[in-house]
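Notes follow once the structure below has been shown.
The values are calculated or read from the model by the stated rules, or taken from the named source; none is laboratory data. None of these values were measured; they are calculated from a predicted model. Heads up, the Cβs are rebuilt from the backbone with ideal geometry, glycines too, and the neighbour counts pull from every protein chain shown.
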Amino acid sequence: MNIFIERTRLTGLALDKVGGSAQAFDNMYLPALHRAGYVGPQYASGETGAHVPGGHVMDSQPGLYRNVLVLDFKSLYPSIIRTFKIDPLGLTLGLSDQQAGHASVPGFLGAHFSREHAILPGIIERLWLARDEAKAAGRQAMSQAIKIQMNACYGVLGSNVCRFYDQRLSASITCRGQQILTETAAQIEAEFGYQVIYGDTDSVFVWVGDELSPSEANAIGPQLAQRLNGWWQEKLANDFQLTSALELQYETCYRRFLMPRMRDSEFGSKKRYAGLRWQVGAPEQLIFKGLENVRSDWTQLAKSFQRDLYEQVFSDQPCQEMVKQRVLQLLAGELNEQLCYHRRLRRPLHTYQRNIPPHVRAARQLSNHYQQKGMPNPLHQGDTVAYLMTLQGPEAAEISQSAIDYSHYIDKQLRPVADSILPFIGLSFDDLIQPQLSLF
């Protein structure tokens, strides 16, 4: 609620309308446009029909690493708008300048932006400074509200509900972001000799070598960010005669880091990784991104197994006995309370006609059970279904009576977790559990 209130103050929109990014953009941009002597279009009338890519996600280098640093561009898209003078009015005037042979700032999809006349970069700069002041004053709600509004300035330019929609604007932001991320990674490898093992939109993951201590690796981060910022300032001044607003920050150091492979593939995954974060004077923290531990459609069995297994491996502790013991506990029925799946009904039950998913089958069982007892249906669209996989198929947890299909949980819950990390330390899940399976 505090963030909504601050966004209301920031955008001038009513409290129940703060999600209207296009209206908020109009409230900020149109008065400045009018003061400059121009009138905005009534409806979106810019260039369309082209393919505009999103944020760049690099191919990852799968492996189990020590000393991986994460460097992050602060508000990358707003900083691109500031640096390259990306602006609706600037686009119109920049194209005229280009045709007349005057200097302009090149964009993408044929865009050119005026070097002298731009409104949006000034708006972004004021928001940027206001956010820095809010953060310094400890006003977290205001800081978050400003961050949302700055990022929305990119989003609305790529949405046809905005009167200033033009794919040359949005492409000049996202394509420039891809270029910046790619060239940053190349510079890290060429100048410093470190390997960039992954990159995603505004972040690069840099492996600085296994031989360093965590404190030594951590000390490299700020130096690396500082030198890269200086390199970008010099490069943009030489190549475009522009002042760089790009700000690369050192975010964190992972003492151990796993970039898993895609399932049934030798290629690295994307947006999925785990690491043991190291900080001076603070306990180490196990971080999961996109893996089973943070996904709601995986059981507690998989989540607890993944956390325990990764902690063992990241701490260089033997994990064979833990894996064997977990399988034995599962087969002995000691982990039954961790076996529930939880899935949400995205549609009314009667609309599922073909390829009925397990949670819908369980929901129909539960619905029929309540109807037989003359009670109202407890499940509706949006509700979450808890169910177990049994030898008779999926059954609602509240009424399940069939024997649990433990083989399903081994193959679909434990095996994927184990296969994501064990091969990197020379182990096989199948080899570890085969003696245990023979006992049952």
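Within segment 243-272, the set of residues being closer than 13 Å to Ser60 by Cα, of a type outside the set (Ser, Thr, Tyr) and in contact with a strand residue (DSSP E or B) (Cβ under 9 Å, 6 or more places away or on another chain) comprises Phe257, Leu258, Met259, Pro260, Arg261, Met262, Phe267, Gly268, Lys270, Lys271, Arg272. The single condition among (1) surrounded by 14 or more Cβ atoms within 10 Å (Cβ to Cβ); (2) modelled with pLDDT under 85; (3) in a loop (DSSP other than H, G, I, E, B); (4) not aliphatic (A, V, I, L, M) that Gln23 does not meet is (3). Being among the polar types (S, T, N, Q) and modelled with pLDDT under 90 is the filter; apply it to segment 102-159 and report the residue that is surrounded by the most Cβ atoms within 10 Å (Cβ to Cβ). Here the answer is Gln149. Here Glu191 qualifies as part of a helix (DSSP H, G or I) and among the acidic types (Asp, Glu). Set side by side, the residues Leu366, Leu379 differ, and just one is more than 34 Å from the chain's Cα centre (by Cα) and among the aliphatic types (A, V, I, L, M), which is Leu366. Residues in segment 203-244 that are of a type in the set (D, E, K, R) and farther than 19 Å from Lys85 by Cα were compared, and the one that is surrounded by the most Cβ atoms within 10 Å (Cβ to Cβ) is Arg227.
Reported count of residues in segment 238-285, each being in contact with a helix residue (DSSP H, G or I) (Cβ under 9 Å, 6 or more places away or on another chain), modelled with pLDDT under 95 and of a type in the set (A, V, I, L, M, F, W, C), is 1. Within segment 373-382, is even one residue surrounded by 13 or more Cβ atoms within 10 Å (Cβ to Cβ) and under 28 Å from Phe305 (Cβ atoms)? No; the residues of segment 373-382 include none that is surrounded by 13 or more Cβ atoms within 10 Å (Cβ to Cβ) and under 28 Å from Phe305 (Cβ atoms).
Here Val313 fulfils each of the conditions (1) touching a residue at least 40 places away in the same chain (Cβ under 8 Å); (2) more than 29 Å from Tyr198 (Cα to Cα); (3) β-branched (Val, Ile, Thr) apart from (2). Name the pairs whose Cβ atoms lie under 7 Å apart, with the first residue in segment 78-102 and touching a residue at least 60 places away in the same chain (Cβ under 8 Å) and under 19 Å from Pro121 (Cα atoms), the second surrounded by fewer than 21 Cβ atoms within 10 Å (Cβ to Cβ) and of a type in the set (Asp, Glu), and 6 or more positions between them or separate chains? As it stands, the answer is Ser79/Glu247; Arg82/Glu125, since those pairs meet every condition given. Taken over segment 383-393, the criterion of being over 20 Å from Glu334 (Cα atoms) and buried (at least 21 other Cβ atoms within 10 Å of the Cβ) is satisfied by Val385 alone. Summed over segment 325-351, residues that are charged (D, E, K, R), farther than 15 Å from Leu388 by Cβ and not in a loop (DSSP other than H, G, I, E, B) total 2. Take Val70 and tell me if it is out of contact with any Pro (no Cβ under 6 Å at 6 or more places or on another chain), surrounded by 15 or more Cβ atoms within 10 Å (Cβ to Cβ) and closer than 25 Å to Pro214 by Cβ. Against the criterion (out of contact with any Pro (no Cβ under 6 Å at 6 or more places or on another chain), surrounded by 15 or more Cβ atoms within 10 Å (Cβ to Cβ) and closer than 25 Å to Pro214 by Cβ), Val70 qualifies.
Residue by residue through segment 267-288, note down the ones that are under 15 Å from the mean Cα position of the chain (by Cα) and assigned to a loop (DSSP other than H, G, I, E, B). Ser269, Lys270, Lys271, Arg272 - these are the residues of segment 267-288 that are under 15 Å from the mean Cα position of the chain (by Cα) and assigned to a loop (DSSP other than H, G, I, E, B). Among the numbered conditions (1) assigned to a strand (DSSP E or B); (2) surrounded by 19 or more Cβ atoms within 10 Å (Cβ to Cβ), the only one that Thr252 does not meet is (2).
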